[in-house]
Amino acid sequence: YMLIDTSGTYTKELKQAQKVINFVLATLNPGDTFAVASVDTGSFSEKDIKAKVTFDDRPSMTNRQKREFRDKIDKYVKTVKGSSYTDITGGMLQAIEYLNEAGAGYNTILIFSDLKEELRKGYVRDIPLQLNDYSVVALNVTKLRSDNIDPREYLDRLADWEKKVQSGGGQWRVVNDLARLEGIFAAN
């Protein structure tokens, strides 16, 4: 399950997200499940899932499904509008629900984001995540302008998410060099 941050200027990074999605599609096999969802103002919603599939057992059908999935994502990226808020926790909750329902053997959540969660007033996301048997990989965690002034902000964001994931029983990794994507699924 891949979460894509669509807030503010992070929409400029969506071409990189497409590359990650294409890489993931190439590594998946018949029977695997994959979904891509946006992280926006309120992300604990089915409507944020932009493409989802469980691949057919027949390789020829799987290849067709992969092309259709890629086409959906390409169309989405061309039309996406930036959101004002970033509900990463809501997206994580939706990802957990989706993968639990899918009955996936290996549960991996990819987060393509700067990891700065900004919630609309009234949204409550102080919720422990149930991530036993989950691997969470933060990708392309860009540094914000304020991080250049005080790098502790960047390091604190990473540490806070690591703590949140690990306290829920999950494994945490950060991959900022997208040339190292092949290592993401090596543990599975």
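Within the chain, what percent of beta bridges assigned by DSSP are antiparallel, to the nearest 5? Don't skip to the answer; put the middle values down first.
Working: 6 of 25 bridges.
For the chain, the DSSP antiparallel bridge percentage is about 25.
Within segment 1-68, what percent of beta bridges assigned by DSSP are antiparallel, to the nearest 5?
Values: 5 of 9 bridges.
Percentage antiparallel, nearest 5: 55.
For residue 136, nonlocal amide neighbours, meaning residues 5 or more places apart or on other chains whose placed amide H falls under 5 Å from its own, are 109, 171, 172, 173. Can you flag which of 78/143; 66/164; 66/143; 50/121 are past 30 Å Cα-Cα? Beyond 30 Å: 66/164; 66/143.
Over all pairs of distinct alpha carbons, what does the Kirkwood formula give as the hydrodynamic radius of segment 97-179, in Å?
On the way: mean 1/r = 0.0710 Å⁻¹.
Across segment 97-179, the inverse of the average 1/r is 14.1 Å.
Could you work out the relative contact order of the chain? I mean the mean sequence separation of Cα pairs under 8 Å and 6+ apart, divided by the number of residues, in percent. Dividing the mean separation by the residue count of the chain yields 23 percent. Averaged per residue, the chain has 53 square angstrom of accessible surface, using a 1.4 angstrom probe with ligands and nucleic acids left out. Computed over protein heavy atoms with a 1.4 Å probe, the carbon and sulfur contribution to the accessible area of segment 94-188 reaches 47%.
Placing unit charges on C-beta atoms (Lys and Arg positive, Asp and Glu negative, everything else neutral), compute the dipole magnitude of the chain about its Cα centre in debye, rounded to 20. Spell out each step's value before the answer.
Numbers: 27 positive and 27 negative charges, 133 e Å.
Approximately 640 debye in magnitude.
Out of [x] 51, 36, 34; [y] 100, 48, 27; [z] 63, 45, 29, which label holds the value of Cα extents along the principal axes in Å that was computed here? Entry [x].
Centroid-to-centroid, using Cα positions, segment 1-52 and segment 115-188 are 15 Å apart.
Pull out a ≥ b ≥ c, the square roots of the eigenvalues of the alpha-carbon gyration tensor of segment 55-96, then state rounded if a/c is under 1.5, prolate if not and a/b is larger than b/c, and oblate in the remaining case. Don't jump to the answer; show the numbers that get you there.
Numbers: a/c = 7.76, a/b = 1.68, b/c = 4.63.
Oblate, since a/c reaches 1.5 and b/c is not below a/b.
The string of couplings for segment 9-22 from the Karplus curve (6.51, -1.76, 1.60, θ = phi - 60°) is 6, 5, 4, 5, 8, 5, 5, 5, 4, 4, 4, 5, 4, 4 Hz, one whole number per residue in order, with x for Gly and Pro.
The values are calculated or read from the model by the stated rules, or taken from the named source; none is laboratory data. The model shown is predicted, which means the values in this text are computed figures rather than measured ones. No Cβ is skipped: glycine too gets one built from the backbone with ideal geometry, and neighbour counts run over all protein chains shown. Note: accessible area is taken over every heavy atom of the protein model, side chains too, but ligands, DNA and RNA are not part of it. Shrake-Rupley method; radii C 1.70, N 1.55, O 1.52, S 1.80 Å.
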